[in-house]
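The values are calculated or read from the model by the stated rules, or taken from the named source; none is laboratory data. Worth saying up front: this structure is predicted, and the values here are computed from it rather than measured. Heads up, the Cβs are rebuilt from the backbone with ideal geometry, glycines too, and the neighbour counts pull from every protein chain shown.
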Amino acid sequence: MVPQKQHQIRAEGYTVAFDTISANTSGRTDIIDITAEVEGAIRASGIKNGSVLLFISGSTAALTTIEYESGVVNDLRMAIERITPRDIDYEHDRRWGDGNGYSHVRAALVGASLQIPLREGRMLLGTWQQVVLLDFDNRPRKREVQVHLSGV
Amino acid sequence: MVPQKQHQIRAEGYTVAFDTISANTSGRTDIIDITAEVEGAIRASGIKNGSVLLFISGSTAALTTIEYESGVVNDLRMAIERITPRDIDYEHDRRWGDGNGYSHVRAALVGASLQIPLREGRMLLGTWQQVVLLDFDNRPRKREVQVHLSGV
Amino acid sequence: MVPQKQHQIRAEGYTVAFDTISANTSGRTDIIDITAEVEGAIRASGIKNGSVLLFISGSTAALTTIEYESGVVNDLRMAIERITPRDIDYEHDRRWGDGNGYSHVRAALVGASLQIPLREGRMLLGTWQQVVLLDFDNRPRKREVQVHLSGV
């Protein structure tokens, strides 16, 4: 498994670029494919070799990758419901009355950041692997995914 | 959702900086807000636009983001206890007698790394989103969070 | 906890490098230690200070860190089986007949990316912390872990 033929670039003109992807979600573990939007941000940056860091600003949403096929997306939704059920008691809800204690817990477990390497302007995703935003809040939200690109 | 008005910097003076945040924890799924310490490391670096990579050295702790409010922090603690209970049998404990098999499993599931973009010297966190260290070990520990900053 | 004595490098000769680690897995939550292969890629790059981004191309595998000791590795495997059981009904399987709906869900929950800072050519891992590839698919697979190095 020793790596061979490593591709290296001495990067005098290293570039950093920032973008934002906005998405309107329905909440309630809405899972949205944002792959095309991330690809658009990559093209706009002109960065060919480097990485894209995705970060969701907010404490009731998360990012991951999955095969964006409605069956498995529902399976993920049901797994999350089993792991962190909506209909049990949450201290957050007793204290603040938001009713979204479960949303915060889900977001903390799945995670807010995701980073993907870029080669020749393309994310090194698998064929059946898409980038998704998961909105766990208990109401529709306007979300902002922060996109940070770096490379040459 | 097409990104517009992307902010780009051609970075001749790209800087990398390293720091360490030390924290004394009580273990037992102690969850500590380290946001202010990360902000201090960012200020010390002088880096304005780039990203901060946080990594916990050690196999019984993890990093994530959450609204640091004691109700939801307890909710997260209880969710983790349901998912990976302390009081079931772990092979690690039978073999090594550490009693912290559950701590290792929790750390592997939540994850050791977290990365957040920086704009104008600030992490692009949501208003109610803090950076937390989770110490799953079964005793107090002195922890070191590795901070790697890069940007311009 | 205020950081002190920060180490900084003004990086004119910033380098980005790409590598691939190939691994043959048995699937079925096979958990493989790839630390030595990642160390080989770091050495080949010559990068001393920066970070290594690891990303698994594919939607039925994931990456994390753990103490690579067979007891705790089995404990992690059993925890994942409890959280996302193989023998329940998955929509993905009814639709596509792959029988690996559980694999996709596990991969989405554990996560595809992992990033580790590098100092003096070494990953800042804890003493008992290894980098692992988790293959959740229901059959043997040839996997490719994407390695993206950046730094000086």
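Couple of notes before you dig in:
- For segment C:131-151, a tally of residues being crowded, with 23+ Cβ neighbours inside 10 Å and outside any strand (DSSP E or B) returns 2.
- Residues in segment B:64-84 that are more than 7 Å from every other protein chain (Cβ to nearest Cβ) and buried (at least 22 other Cβ atoms within 10 Å of the Cβ): B:Val73, B:Ile80.
- Residue satisfying all of: in segment B:88-98; assigned to a loop (DSSP other than H, G, I, E, B) and at pLDDT 95 or above; surrounded by the fewest Cβ atoms within 10 Å (Cβ to Cβ) among these: B:Asp89
- Scanning segment A:117-128 for residues that are at the interface with another protein chain (Cβ under 7 Å from one of its Cβ atoms) and surrounded by fewer than 24 Cβ atoms within 10 Å (Cβ to Cβ) yields a total of 5.
- For C:Ser51, the test of being at the interface with another protein chain (Cβ under 7 Å from one of its Cβ atoms), outside any strand (DSSP E or B) and under 17 Å from the mean Cα position of the chain (by Cα) is failed.
- Residue match in segment A:102-111 (condition: at negative phi, facing another protein chain (nearest Cβ under 9 Å) and not in a helix (DSSP H, G or I)): no
- Residues located in segment B:28-48, provided they are assigned to a loop (DSSP other than H, G, I, E, B), more than 14 Å from chain A (Cβ to nearest Cβ) and modelled with pLDDT of 95 or more: B:Arg28, B:Ile34
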